[in-house]
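Trainee: Take this structure first; my questions come after.
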Amino acid sequence: MRRVIDISPEDTVRRVKKVGRYHLALFVLPALSLLFYGWLRAPHLNERPDNPQRVAPLRLRGSILDRADRPLALVQGTERIYPQGESVGSLVGYHLRGRNQSGLEAALQERLSPSLPPNSLTSALRQDREAREGKPRLRGPDVKLTLDASLQEQIFDSLKGVVGAVAVADHQGRILAAVSSPSFDSNQVREEWQDLRNDPGDPFIERVGSGLYPVTAPAGQGLFEPAALAQHNWFVDNPYPGYPVSSAALMLDDRLLLTPLMLLEMSYWLSGIRPSPELHLLSDHQPSKGHTPLELSESLSVGAQESWVLGGPPFRDSPEFEVVIGTVEKNLFYALVVENKNTDTDRLRRQIERLLKKVVGAGEL
């Protein structure tokens, strides 16, 4: 039986329309894809650290400066360098091709980077015009911190050989030092990558903002009444906006786990400053709303320079640690967390307090 092929005009028109629909789909689908990824998703894709088009702009990223405009990270030629070295390594982090970024380099990625590649036709045309006029290539803006590089280095030197963290802030809540020990030299990360990864001291952990410690009162009771904790901003996703790796507080098995940043905030309450200032690391930081001061469930022991020793038995796999929070002349406030079991924490506390008292006396901050 032979098959009869319909070659009538109507069938020919039907076939032409069918082919036309296929061609229309082949045209429309790429157009929609370009619209979605080239316009709607462009800002997100431009900021992805694994976007190869971001490599050139990253060389032009702005500098990270301390409160006195001393560079903590800057571009020299085509390289990113870190003049303060190990003392700010965990906080500032690094930028490496193939290793992405960490610390403030990652947290401030969008603020430090120039607006390249262009995410709109208008900006692309403007950049082309500026290039034809011989204007310099775009460079990302600098970001200034409240950090004091000199104080940061001195405290870091005091922590040599100690696993722990120290955070210091002034009476307005500006973070002047955020020291995590051990740390690393961001200039040497590429060469020392495997050694740093295998270091039992975990130098890649920025302990001030991300170290969680199951802190209790000296006798082992909970620090705060559960009702006071319920509405506190410690339990939001980002309790300290602008800090690179700040973590929310946790309640596990009726144990409260806090970061040294949260412990630093406690030193204001114990010193009678209520409500305590919002801690911040960026010079243009705006305090967040909704802060709720906490009421301690019991008083804590007071030392010579107004310091309070907190308890902290190990919890699950957490390290053994000791916590001291305090204030020096109600001008500088600090939190000290030491993970080393055999460290003379009291001696280290006195050393840090002497350093802070010297800073206050000299009027340097």
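The values are calculated or read from the model by the stated rules, or taken from the named source; none is laboratory data. None of these values were measured; they are calculated from a predicted model. All Cβ positions, even for glycine, are placed from backbone atoms using ideal geometry, and neighbour counts span all protein chains on display.
Trainee: Can you tell me which of (1) within 24 Å of Gly311 (Cβ to Cβ); (2) part of a helix (DSSP H, G or I); (3) free of Cβ contacts under 8 Å to residues at least 60 places away in the same chain; (4) not β-branched (Val, Ile, Thr) is the one Ala228 doesn't meet?
Mentor: That leaves (3) as the condition not met.
Trainee: What tally of residues in the stretch 216-248 results from selecting those that are of a type in the set (Gly, Ala, Ser), under 16 Å from the mean Cα position of the chain (by Cα) and farther than 20 Å from Asp170 by Cβ?
Mentor: 2
Trainee: Only residues that are among the aliphatic types (A, V, I, L, M) and touching a helix residue (DSSP H, G or I) at 6+ places or on another chain (Cβ under 8 Å): list them for the stretch 153-174, please.
Mentor: Result: Ile155, Leu159, Val162, Ala165, Val166, Ala167, Val168, Ala169.
Trainee: Moving on. From the list Glu278, Glu329, Glu322, which residue is without any contact (Cβ under 8 Å) to a residue 40 or more places away in the chain and within 26 Å of the chain's Cα centre (by Cα)?
Mentor: Glu322
Trainee: Looking at (1) assigned by TED's automatic domain parsing to the domain that holds Leu104; (2) at pLDDT below 70, can you tell me which one His44 breaks?
Mentor: (1)
Trainee: Ser267 versus (1) surrounded by 20 or more Cβ atoms within 10 Å (Cβ to Cβ); (2) part of a loop (DSSP other than H, G, I, E, B); (3) among the small types (Gly, Ala, Ser): which is the lone unmet condition?
Mentor: (2)
Trainee: Now for a separate question. In the list Tyr213, Tyr240, which residue meets the criterion of being touching a Pro at 6+ places or on another chain (Cβ under 8 Å), crowded, with 22+ Cβ neighbours inside 10 Å and not acidic (Asp, Glu)?
Mentor: Tyr213
Trainee: Shifting gears a bit: Identify, from the list Ser186, Ser267, the residue that is polar (S, T, N, Q) and either in contact with a helix residue (DSSP H, G or I) (Cβ under 9 Å, 6 or more places away or on another chain) or within 20 Å of Val92 (Cα to Cα) (or both).
Mentor: Result of the check over Ser186, Ser267: Ser186.
Trainee: Can we say Val189 is β-branched (Val, Ile, Thr), at pLDDT 90 or above and surrounded by 18 or more Cβ atoms within 10 Å (Cβ to Cβ)?
Mentor: no
Trainee: While we're looking at this one, here's another question. Report those strands (runs of 3 or more DSSP E) wholly inside the stretch 281-365 carrying at least 3 residues which are outside the structural domain of Leu104 (by TED's automatic domain parsing) and of a type in the set (Phe, Trp, Tyr).
Mentor: Output list is empty.
Trainee: Sticking with this structure for a sec: Tell me which of these Ala362 doesn't satisfy, since it passes every other one: (1) at pLDDT 85 or above; (2) under 30 Å from Asp69 (Cβ atoms).
Mentor: Among (1) at pLDDT 85 or above; (2) under 30 Å from Asp69 (Cβ atoms), the lone unmet condition for Ala362 is (1).
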